[in-house]
Structures are given as C-alpha cells and as structure tokens.
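No value in this document is a laboratory result; all are computed from the given coordinates. No experiment lies behind these values; they were computed from the predicted model shown. Cβ placement follows ideal geometry from the backbone for every residue including glycine, while neighbour counts extend to all protein chains displayed.
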Amino acid sequence: MVMRFFIVLAILAYLGTAMAAHSAWCTDRKDGTGPASYRITKDCCAATKEHSTTAFNEASTMCMDALGFGNGINLGRFVRCCGDRGAGSHSDG
C-alpha cells in the first residue's frame, strides 16, 4: 500500500512539472539548426522567462537563466513563441 502511494505520488510530480531550460535560442531554420535569430530570440526570451534573473544575453544571442538552476525559461512556451514567428528553436537544457 505504501509503495503504491509513492509510485502514484512520483507520477503526479512528474506530470506536474514544466519543461525548463538554462539557455535557449530561436534559429533561422525551423529544424533548430543554423544561426540564432537575434530579434526573435530576444522577443521570445522576454515573453517566456520564468524568473527575474532570466534575460537575453547580447554577446551570445541566447536567452539565459543567470542563476544556472536550469528552470528560468519555460521551454514549451519558448519553442511555441519561436515557431509562431516562423523560426526554429534550440536549447542546451
């Protein structure tokens, strides 16, 4: 009985989590390859950041989570944002 409870709890915890990333960028090609699209990445970073420490890095043209916890960017929303603007996306997780 206790084991079944923990299995159910683990499944619910897994289903309740959102995919998150440490850094992500929109790409010129829809398949996620090619150079980063500066303007689209900057716009999508502002639209999908989860924390105040997440920001667009001008030097690398990536959206980055400054804390490094890997949860500052809502990856699902970021991918959708890039796609809605005709771009692909890539992330380092």
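Here are the numbers for the structure shown:
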{"item": "Per-peptide average of other Cβ atoms within 10 Å, ordering 26-35, 82-91, 55-64 highest first", "result": "82-91, 55-64, 26-35"}
{"item": "Ser23, Ser52 arranged by Cβ crowding within 10 Å, fewest neighbours leading", "result": "Ser52, Ser23"}
{"item": "Convex hull per residue volume in Å³, alpha carbons only, for region 20-91", "result": "66"}
{"item": "Within-11-Å neighbourhood charge of Ile40 [Cβ basis; K, R +1; D, E -1]", "result": "0"}
{"item": "Under 15 Å, Cβ to Cβ, from Lys30 - net charge with Lys/Arg +1 and Asp/Glu -1", "result": "0"}
{"item": "Sum of side-chain charges, Ala66 neighbourhood, beta-carbon under 13 Å (Lys, Arg +1; Asp, Glu -1)", "result": "-1"}
